[in-house]
Number of protein chains: 4
Amino acid sequence: MSISKETINHEQSLLEKLEKQMTSVAHLGHVEIGVTNLEKSLWFFTEVMGLYVSANEGDKVYLRAWQDFDHHTLVLNKSDVSCVKQIAWRVSSPESLKAFERQFKDMNMEFKWIEGGTKKGQGDTLQFRSPAGLPIELYWEKELFVNTDPATASKLPSHPSKYTGKGVSPRRFDHVNILVNDVAKEQQWWTNLLGVHHRYYIQNDENVRLGSWLSRTNIAHEIALMRNSNQNGALFHHLAYYLDSPDELIRAANLMAENDIKIEWGPGKHGTSGAQFIYVFEPSGHRVEIWTGGFLIFAPDWKPIEWGPEAGPLGLDMWGSKAPESYFAYGTKFL
Amino acid sequence: MSISKETINHEQSLLEKLEKQMTSVAHLGHVEIGVTNLEKSLWFFTEVMGLYVSANEGDKVYLRAWQDFDHHTLVLNKSDVSCVKQIAWRVSSPESLKAFERQFKDMNMEFKWIEGGTKKGQGDTLQFRSPAGLPIELYWEKELFVNTDPATASKLPSHPSKYTGKGVSPRRFDHVNILVNDVAKEQQWWTNLLGVHHRYYIQNDENVRLGSWLSRTNIAHEIALMRNSNQNGALFHHLAYYLDSPDELIRAANLMAENDIKIEWGPGKHGTSGAQFIYVFEPSGHRVEIWTGGFLIFAPDWKPIEWGPEAGPLGLDMWGSKAPESYFAYGTKFL
Amino acid sequence: MSISKETINHEQSLLEKLEKQMTSVAHLGHVEIGVTNLEKSLWFFTEVMGLYVSANEGDKVYLRAWQDFDHHTLVLNKSDVSCVKQIAWRVSSPESLKAFERQFKDMNMEFKWIEGGTKKGQGDTLQFRSPAGLPIELYWEKELFVNTDPATASKLPSHPSKYTGKGVSPRRFDHVNILVNDVAKEQQWWTNLLGVHHRYYIQNDENVRLGSWLSRTNIAHEIALMRNSNQNGALFHHLAYYLDSPDELIRAANLMAENDIKIEWGPGKHGTSGAQFIYVFEPSGHRVEIWTGGFLIFAPDWKPIEWGPEAGPLGLDMWGSKAPESYFAYGTKFL
Amino acid sequence: MSISKETINHEQSLLEKLEKQMTSVAHLGHVEIGVTNLEKSLWFFTEVMGLYVSANEGDKVYLRAWQDFDHHTLVLNKSDVSCVKQIAWRVSSPESLKAFERQFKDMNMEFKWIEGGTKKGQGDTLQFRSPAGLPIELYWEKELFVNTDPATASKLPSHPSKYTGKGVSPRRFDHVNILVNDVAKEQQWWTNLLGVHHRYYIQNDENVRLGSWLSRTNIAHEIALMRNSNQNGALFHHLAYYLDSPDELIRAANLMAENDIKIEWGPGKHGTSGAQFIYVFEPSGHRVEIWTGGFLIFAPDWKPIEWGPEAGPLGLDMWGSKAPESYFAYGTKFL
């Protein structure tokens, strides 16, 4: 008995489908940033933002929001320059890391393995760069946060730690946003290679892509890509934590004002996602977004929404305010 | 060249994985209910709740929330008895319906095809019953809502129709809840056959399952199963629409009071999901939940949270109120 | 027996105290505005703002918020020019109108009586002008709103009419704001003659008064006076309705955006009063403020709070946004 | 020249009017409570409620909300029994204390002077009892809170101290509520003698007064009197602090749940005032209300609103929940 060409083709097609299925991320996990003023940045993220310290190693502090189930969603690294070191994503299955490796090899893409346990609470990790140069890492295993301090443990099994309402007190980590020179190109790479769906985008009147928003999960975006108006390469625009209500957003703005944290823009409302936002600068210069609202996307065949030149400004702020110049040009570096 | 056993086994294993992948729902789509008083129920859902009419066929009215992208998420049918006719789910891929058919045949399960176009805005549909007798239908194709009335069209491409803020004005359809005799059994069927993940559950002190909450998407639950305290079979407990804030929930309670709609329970807060809720009865006797808050689940390997006998009451209301008896026994019928 | 000088002086002193007591307003009652586009302005105030029509006389429409107990707090007059016709205040006692008349005569101030019943729902009325030329009227008697339509009557005796939550749906009328050339002078007149307490004020670095906020009641201001940056006389800056929460303010901003009503400024937060605000232009060109928050003043010997050159900008917006130029110069006329 | 009888009568009438004017309170100032567990009560009021300590004398702690302008609005006294020691009101003018003294002497009422400075931050004080036995004190002078700690001082002159958002973080002290045997009698005394206006009341179907709400200021009530269902004399029902929004109320309920503070009733909504509330017990057994919403009363001739037997239950909770038995019977003692 011999194998027909059809049989071989069929198997190949099955294999490709499965590989495709496996080479996808599950969700954004955390971001690792370098901060020049660790003490003040830590004060900002704990006292003003109300994040919780999961672990403090002196020059590295691991943080999470009160209902982040993971051990950390933000890592602060003492650093000579304010920068972003890693954008970390969890993959969709235990087999995915190997599948990604096969894919990267096929593509002759550079990548690096970090052995499990090297990074706090994290298993084997695959590191590489996007076309625009963003440092990305993928992992399957990551510790969940387990509360061992009775003072902060909640009697509610749904609360990884007690809700204290301290500071801004966001519910969870949400997304990152990056300035790049060529939005369309970078977006396609994220969608095709990592399986992060394209959700909506803004085109200007010369048909240049000004921004694209992407997610693997049902939230509207886990990563946004915006055109760097200076065209000087990739810069980290902001990281974002999510609040439960407009009221909490206003409360956050009040806390920023009392604590001398500059609000760059907002309160405003992105028409694109429906996100009601404020943007602030933490003491080491990273931009942080605090937001609420927005829609979820359930359709498995979602077609990206286009915001053309006319609707674009409403996409940025449907209430009519204009973003400051800095919003389209300022970001922190990638290391 | 001959095919080795390994090759065949390998192919079978691939096929099984793919079948498993395909035989899963994508998300809850809509619920079709029979109402004895169509006029008053329609008044409730449009004037008090603020849902939008997508189509009105006289004895069938199709409704959606302002940001539901689908053509409808609720169908009201003029009926002699208040009942639930279908709980409809979208499947995860175009191939899924056929894959489900193969699966059902293998299991000798009864099912029925409804040809595409028979149901308004819906493609080929597979109908069948769960072990407890719930009428379920699966579809891949469903029309999106397209606004053709300039008066209700929004200039925002992210808004399928203008936000008017009329009545309760929920953002979107959320979930259904069912009373059954045997929660654990029904839950396993939903998880194993339809791929709806188990998220959290309540056990009483005799280790009987009092409730289980399940979802395929990142929201905490799309379907809940609760133990019928009368043990007289499956009953429809409620359908739920989602609000953006606690403030909107209080506003909803005020609107219910002014419109003589009985609030059965709430405002309260389920400790399990963090849902802040009110439950009301619409004029034909169906229970409707309006809620806000709650968490999203991103982990692809989520382990269901157990709420044991001690934490259970907090799971029902962490603020300390007790559900009325009716909450555990009253429901509308399945047809 | 003869009357001693002391006895006479004593009686005079008592009389003066009582006169002082009587010549004070009780609270701001309503404002009467001329609108060039009555139809569109009426659409704005009823459909977008959600005010209720108490009476419609064709070219005059009487409006109130859902919990305004008075028959009206806003009157729209069909007019050739957008203007403000009267700012009406209730006086503190039945004897006050006569006491004011005595006072005005002593001061040789011009005034005019309007007989009770001439104006809808209003008793005898005294009309006159402030130094800056604002048209003011005082009255003691004004009809309360009595709901005679079962469709809008509430079963709650505390609700003059049912709460519908339609549109912005403010709870009550709040204050007026006026641009004048000389703030300090106008403020002193209002405080000394009408008994409206001075609450807080902004001085620039040349010690010029930029704004003063005054109230007779416990709310932070019923009338505000701001410096006209063009120094071209008195202009009506805005009228304001009050909301119950920041959440409702954000909802209001969303409704403005969907209804193509330009938001001039906001959401922002005045540091002075703590008012969280948006300012919009209604279709005939009057500025309308919608706001929430702020403090109440209970001290009978309140000392006005000074906002000097350094704190002043925070007084305008403590979140850091800058008011547009138009905010300090644009207003509608007084007739 | 002789004095005519008319002249004398006239002077007497003037004097009476002025006396009446002077013998009125201005507003509720603070309440002084005895607590059996000072440490835990202090933890509750500072860590959970988020009140600020103005002064701590070891067995007496002076507290205020973040925007209370007075030095304190609550005093905790270490005590063998949980009790209420004083309900303190500010009077309306510097002459009022003497006028009250004249009045009390005329009525042969017992009273006591406490010399200025004896009580922290308070001038000369007049102490006496109401018919039901409530301990009342009146004062004119009381220190304002002056922030001397740079860490808690705000750059905003309108903020007596920085807003931190810690715990429940109410904006201001609001009112007290007392259980008495005879509501109508006690209410008349407060209105006639102290000038505290009657705002609304509930009558049962036997025409017995179940509750009366009174205020001197524009807020709906500063003191409430409710019928003690046990008819065993006067008991302190609760003290109340005010929040800015329904959202903050829900947040407060969450904080109570996480901190094991029992919520006796709520979230609910009093139809009478529109107050959205929760009632909790602080660790020494005093009931505390946290609330938001409600209306202001501006009319100088306000006619009390009657809530008859039919509307009464809506007056208690317009959302339909029933107060627990304890709500009508439990209170702490007056010393």
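The values are calculated or read from the model by the stated rules, or taken from the named source; none is laboratory data. Treat the numbers as computed from the prediction; the structure is a model and nothing was measured. Counting neighbours? That spans all protein chains shown, and the Cβs are built from the backbone with ideal geometry, glycine included. Each accessible area value is taken on the protein alone, full model and side chains, heavy atoms only, with ligands, DNA and RNA left out. Shrake-Rupley method; radii C 1.70, N 1.55, O 1.52, S 1.80 Å.
Key figures
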| read-out | value |
| --- | --- |
| Sole exception among (1) more than 18 Å from the chain's Cα centre (by Cα); (2) within 13 Å of chain B (Cβ to nearest Cβ); (3) modelled with pLDDT of 95 or more for A:Val81, by number | (2) |
| Subset of segment C:129-151 that is among the aliphatic types (A, V, I, L, M) and more than 15 Å from the chain's Cα centre (by Cα) - its residue that is farthest from the other protein chains (Cβ to nearest Cβ) | C:Ala132 |
| Members of segment C:164-173 found to be open to solvent by 10 Å² or more (accessible area, probe 1.4 Å) and touching a Gly at 6+ places or on another chain (Cβ under 9 Å), listed by number | C:Thr164, C:Lys166, C:Arg171, C:Phe173 |
| Yes/no for A:Asn230 being surrounded by fewer than 23 Cβ atoms within 10 Å (Cβ to Cβ) and facing another protein chain (nearest Cβ under 8 Å) | no |
| A:Lys262, sole failed condition from (1) touching a residue at least 12 places away in the same chain (Cβ under 8 Å); (2) crowded, with 24+ Cβ neighbours inside 10 Å; (3) among the charged types (D, E, K, R); (4) within 14 Å of chain D (Cβ to nearest Cβ) | (2) |
| Test set (1) surrounded by fewer than 19 Cβ atoms within 10 Å (Cβ to Cβ); (2) more than 25 Å from D:Lys119 (Cα to Cα); (3) touching a His at 6+ places or on another chain (Cβ under 8 Å) - D:Leu144 fails condition number | (2) |
| Hits in segment A:233-247 (condition: under 21 Å from the mean Cα position of the chain (by Cα) and within 14 Å of chain D (Cβ to nearest Cβ)) | A:Leu243, A:Asp244, A:Ser245 |
| Within segment D:184-216, tally of residues that are of a type outside the set (Gly, Ala, Ser) and touching a helix residue (DSSP H, G or I) at 6+ places or on another chain (Cβ under 6 Å) | 5 |
| Selection count where residues are in a strand (DSSP E or B) and surrounded by 15 or more Cβ atoms within 10 Å (Cβ to Cβ), scope segment B:101-124 | 2 |
| Residues of segment D:101-119 satisfying the condition of being among the polar types (S, T, N, Q) and farther than 19 Å from D:Lys142 by Cβ | D:Gln103, D:Asn108 |
| B:Thr46, sole failed condition from (1) within 14 Å of chain A (Cβ to nearest Cβ); (2) assigned to a helix (DSSP H, G or I); (3) of a type in the set (Ser, Thr, Tyr) | (1) |
| Some residue of segment B:24-36 being in a helix (DSSP H, G or I), open to solvent by less than 60 Å² (accessible area, probe 1.4 Å), within 14 Å of another protein chain (Cβ to nearest Cβ) and not charged (D, E, K, R) | no |
| Test: residue in segment A:294-314 that is more than 7 Å from chain B (Cβ to nearest Cβ), buried (at least 22 other Cβ atoms within 10 Å of the Cβ) and under 25 Å from A:Ile33 (Cα atoms) | no |
| Which numbered condition C:Arg251 misses (of (1) within 14 Å of chain B (Cβ to nearest Cβ); (2) surrounded by fewer than 20 Cβ atoms within 10 Å (Cβ to Cβ)) | (2) |
| Residue within segment D:283-291 that is part of a loop (DSSP other than H, G, I, E, B), surrounded by fewer than 24 Cβ atoms within 10 Å (Cβ to Cβ), touching a Ser or Thr at 6+ places or on another chain (Cβ under 8 Å) and within 14 Å of chain C (Cβ to nearest Cβ) present | no |
| Every residue from segment A:203-223 that is in contact with an Asp or Glu (Cβ under 8 Å, 6 or more places away or on another chain) and within 13 Å of another protein chain (Cβ to nearest Cβ) | A:Gln203, A:Ser215, A:Arg216, A:Ile219, A:Glu222 |
| Total residues in segment C:71-84, condition open to solvent by 10 Å² or more (accessible area, probe 1.4 Å) and of a type in the set (Ser, Thr, Tyr) | 2 |
| Options A:Ala252, A:Ala275; residue that is touching a residue at least 24 places away in the same chain (Cβ under 8 Å) and more than 17 Å from the chain's Cα centre (by Cα) | A:Ala252 |
| Which numbered condition A:Ser154 misses (of (1) of a type outside the set (A, V, I, L, M, F, W, C); (2) open to solvent by 40 Å² or more (accessible area, probe 1.4 Å); (3) within 14 Å of another protein chain (Cβ to nearest Cβ); (4) free of Cβ contacts under 8 Å to residues at least 40 places away in the same chain) | (2) |
| Residue within segment B:59-67 that is touching a strand residue (DSSP E or B) at 6+ places or on another chain (Cβ under 8 Å) and in a helix (DSSP H, G or I) present | no |
| Conditions (1) away from chain A (no Cβ under 14 Å); (2) closer than 30 Å to B:Gly312 by Cα; (3) in contact (Cβ under 8 Å) with a residue 24 or more places away in the chain: number failed by B:Asp174 | (1) |
| Of all residues in segment A:58-70 being open to solvent by less than 20 Å² (accessible area, probe 1.4 Å) and aromatic (Phe, Trp, Tyr), the one that is nearest to the other protein chains (Cβ to nearest Cβ) | A:Trp66 |
| Residues being buried (at least 20 other Cβ atoms within 10 Å of the Cβ) and either of a type in the set (A, V, I, L, M) or facing chain C (nearest Cβ under 9 Å) (or both) - total across segment D:315-333 | 3 |
| Qualifying positions in segment A:175-200 - surrounded by fewer than 22 Cβ atoms within 10 Å (Cβ to Cβ) and assigned to a helix (DSSP H, G or I) | A:Ala184, A:Lys185, A:Gln188, A:Trp189, A:Thr191, A:Asn192, A:Leu193, A:Leu194 |
| Within segment B:201-218, tally of residues that are open to solvent by less than 10 Å² (accessible area, probe 1.4 Å) and within 20 Å of A:Phe298 (Cβ to Cβ) | 3 |
| Odd one out for C:Ser154 among (1) out of contact with any helix residue (DSSP H, G or I) (no Cβ under 8 Å at 6 or more places or on another chain); (2) in a loop (DSSP other than H, G, I, E, B) | (1) |
| Qualifying residues in segment A:85-100 (those that are closer than 13 Å to A:His30 by Cα and away from chain B (no Cβ under 12 Å)) - the one most open to solvent (accessible area, probe 1.4 Å) | A:Lys85 |
| Residue match in segment C:61-72 (condition: over 23 Å from C:Tyr279 (Cα atoms), aliphatic (A, V, I, L, M) and not assigned by TED's automatic domain parsing to the domain that holds C:Gly285) | no |
